[in-house]
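Heads up, the thing below is written out as structure tokens.
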Amino acid sequence: MAIGANITVWFPFLAVPIGSATVPVTLQTFFAILAGLMLGRKLGSLSMITYILVGVAGVPIFAGLKSGPMIFFSATGGFILSFVFIAFFVGWIAEKSKHKKLLPYSIAAIIGLILNYSIGVTYMFAAMNFWLEIPISYSQAWIVMVPFMIKDFPLSLLAALFMVNLAHRLPRRWINRYATT
């Protein structure tokens, strides 16, 4: 997750200029979905909670090598919080699936993506209007996120495809053990 959050540190051309700010392109949604698919709802959400706590404690692992509790007062704080919910619900759906196939994993991944943007954009709208004092409408907040949704949609499906391939390569007892914890 930390590497996915900071990919623009190594590849700065992946940052997207929006207005006067530059927004880094990250792989965080991909890794949050993958955590749920691979680890299940309990361990997946616990891994995201651990990621957040390590970053809040001061290790620079959030996007742009940021850290600390002030991240929750930024416009992207809601996206970080959403990772816990993504991993939990994606993991829950994957655990309930009787077949470890592309369709159920893809549905879980898309639901994770919807959760990510629903929580993240709503939080961004509130942060910008209430404590950052940058007036923006709710529809404008969603419009600003369209390029990132376009990037995250295929990456979500890629996470599902990756998990299907991984599930076929691992012994069945490992998949059952970790995906249904």
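For the range 76-166, how big is the tail of P(r) above 16 Å, as a whole percent of Cα pairs?
56 percent
Test of understanding: in a Gaussian network model of the chain with alpha carbons linked when under 10 Å, which of 163, 70, 38 would top the mean-square fluctuation ranking?
The residue that fluctuates most here is 70.
Taking 20 °C and 1.002 mPa s as the conditions, I'd like the Stokes-Einstein D for the range 1-102 in µm²/s, using the Kirkwood hydrodynamic radius from alpha carbon pairs.
The estimated diffusion coefficient comes to 152 µm²/s.
Given Cα positions, please report Rg to Rh for the range 108-152, the hydrodynamic radius being the Kirkwood one.
Radius of gyration relative to Kirkwood radius: 1.02.
Compute the distribution of all C-alpha to C-alpha distances in the chain, in bins of 5 Å from 0, and list the percent of pairs in each, rounded to whole numbers.
1, 9, 16, 21, 19, 15, 10, 5, 2, 1, 0
Nearest 20 debye, what's the magnitude of the dipole of the chain about its Cα centre given +1 on Lys and Arg Cβ and -1 on Asp and Glu Cβ?
Taking the Cα centre of the chain as origin, the dipole is about 960 debye.
For n ≥ 4 DSSP H runs only, could you compute -39500 (n - 2.57) per run for the chain, divide by its residues and tell me the 222 nm figure to the nearest 500?
Roughly -22000 deg cm²/dmol at 222 nm, from the helical runs in the chain.
Could you give the DSSP H helices of the chain that reach 24 angstrom or more along their long axis (alpha carbon positions) and whose average Kyte-Doolittle hydropathy is no lower than -1.0?
Sorted by number, the helices that extend far enough and score high enough are 28-56, 77-96, 102-126, 146-169.
Every number here is computed from the coordinates shown, using simple stated rules; none is lab data. Computed from a predicted model, the values in this text were never measured in an experiment. No Cβ is skipped: glycine too gets one built from the backbone with ideal geometry, and neighbour counts run over all protein chains shown.
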